[in-house]
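Some notes on the structure that comes next.
The values are calculated or read from the model by the stated rules, or taken from the named source; none is laboratory data. Just so it is clear, the model here is predicted, and its values are computed rather than measured. Positions of Cβ are generated from backbone atoms using ideal geometry, with glycine treated the same way; all protein chains shown enter the neighbour counts.
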Amino acid sequence: MKTNTRPKNRKPAPKNQGAKKIFRFDVEKIRKDFPILREKVHGKRLVYLDNAATTQKPLEVIQSLDRYYREYNSNIHRGLHLLSEKATAAYESARVKAQKFLNASDAREIIFTRGTTEGINLVAQTWGRKNLGADDEIIISAMEHHSNIVPWQMLCGEKGAKLKVIPINDAGELVMEELKKLFTAKTKLLALTHVSNALGTVNPIGEIIQYAHARGVKVLVDGAQAVSHLPVDVLALDCDFYVFSGHKIYGPTGIGILYGKYKLLEEMPPYQGGGDMIASVTFEKTLFKKPPQKFEAGTPHIAGVIGLGAALDYVGEIGWGAIAAHEHDLLVYGTEKLKALPGLQLIGTAGQKAGVLSFTLGEIHPHDIGTILDRQGVAIRAGHHCAQPVMDRFGIPATARASFSLYNTRAEIDALVKAIRKVQEVFS
């Protein structure tokens, strides 16, 4: 069923942030929404600064999963009984919520996936296989997550296409002059992260999409790290595909979104075959449904979809202005505090950043930093962050990474600094 369609000129519409807004950001009130933040780690109150890996879940998301399994657990799109009707309504309601969240023109442009990784692979194995040939080109950047590198390498290997890489500078920003030089008549796709998970860099994605489209190049945006930090308007961006994971934005694991322009989705072959994506099946021929069902074979992660809908509601109630202001304050405060520590080097100092602070501490291995911080109750990420080419660019094996979210506080940054000093004492 076609839902919330707009005229074909696809003019952006104002974002609906929901009726309820928090004008004065009360972080302590928000923290009460997250049960896990009351946990203790090694006898100390948890300081959770690993939000770029996954965010914690508010109570209303947890309760939405519980209600589904307790009250109307059933398969969707198939049953005529009441439980199935309730489950189907909740599932499709979440699709409309995702449409509004991204400001897509039509709910049929929203495909439920297992996450960002599956969304990228879906595009690679459908649109990519159909549209790429020998010597065609795909452009990515040196700051991509492995999920936006490996699928394109596999496709290029199969098709004899070429993968070209936009370099980054010492601040962790795209070198725009070099980006523009990479485009040729053989360039078919640009696949680019909106926000770097390893550096926090926010790319000028709108400008880049406009440049690519002027040359007839399609654009896929990896929004895994963007959706929890800034509003995303796919109509204003005019991207062809946008992907993100629910667990990065306070939703369940194992669920994600692929947005695609409907005309492209309609032309793409199915990704998987099975139940619920077919119009009819005989031994001689199968006819497929239209998007989105064409790309949602089998029983989906129904509870995950419903939980993601609850997470999008939660973010909408708080409002992007309040979230962005709070997280920017944490980034500025955290940057100042970490830069003041002797021997600490920040990796990724772009002018436009989200709440990510990656750092090294002299010769101390990041894994040792992460282990000692954990004993102090501080959870961070240590490693290459599934972005080994970024580490190679800066000549390091790994970084320690603290990443912020709407429930973090300045006091937690102070706890991080205190724990880093403990690391320095251990290795002094």
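Numbers below:
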item	result
Criterion violated by W320 - all others in (1) under 30 Å from L406 (Cα atoms); (2) modelled with pLDDT of 95 or more; (3) not basic (K, R) satisfied	(2)
Subset of segment 58-96 [surrounded by 20 or more Cβ atoms within 10 Å (Cβ to Cβ) and either touching a Lys or Arg at 6+ places or on another chain (Cβ under 6 Å) or under 21 Å from E317 (Cα atoms) (or both)]	P58, V61, S64, A90, Y91, A94, R95
Residue within segment 306-321 that is in a helix (DSSP H, G or I), touching a residue at least 60 places away in the same chain (Cβ under 8 Å) and under 29 Å from I168 (Cα atoms) present	yes
Test: residue in segment 346-354 that is outside any helix (DSSP H, G or I), buried (at least 19 other Cβ atoms within 10 Å of the Cβ), in contact with a Pro (Cβ under 8 Å, 6 or more places away or on another chain) and β-branched (V, I, T)	no
Selected residue [surrounded by 22 or more Cβ atoms within 10 Å (Cβ to Cβ), touching a Lys or Arg at 6+ places or on another chain (Cβ under 7 Å), farther than 25 Å from V356 by Cα and at pLDDT 95 or above] from L189, L235	L189
Residue in segment 84-102 that is within 26 Å of the chain's Cα centre (by Cα), in the same structural domain as V221 (by TED's automatic domain parsing) and in a loop (DSSP other than H, G, I, E, B) present	no
Answer residue from segment 242-267, given it is touching a Phe, Trp or Tyr at 6+ places or on another chain (Cβ under 7 Å) and within 17 Å of I120 (Cα to Cα) and is surrounded by the most Cβ atoms within 10 Å (Cβ to Cβ) among those	I257
Evaluation of G383 against (1) within 22 Å of I149 (Cα to Cα); (2) surrounded by 19 or more Cβ atoms within 10 Å (Cβ to Cβ) (one fails), failing number	(2)
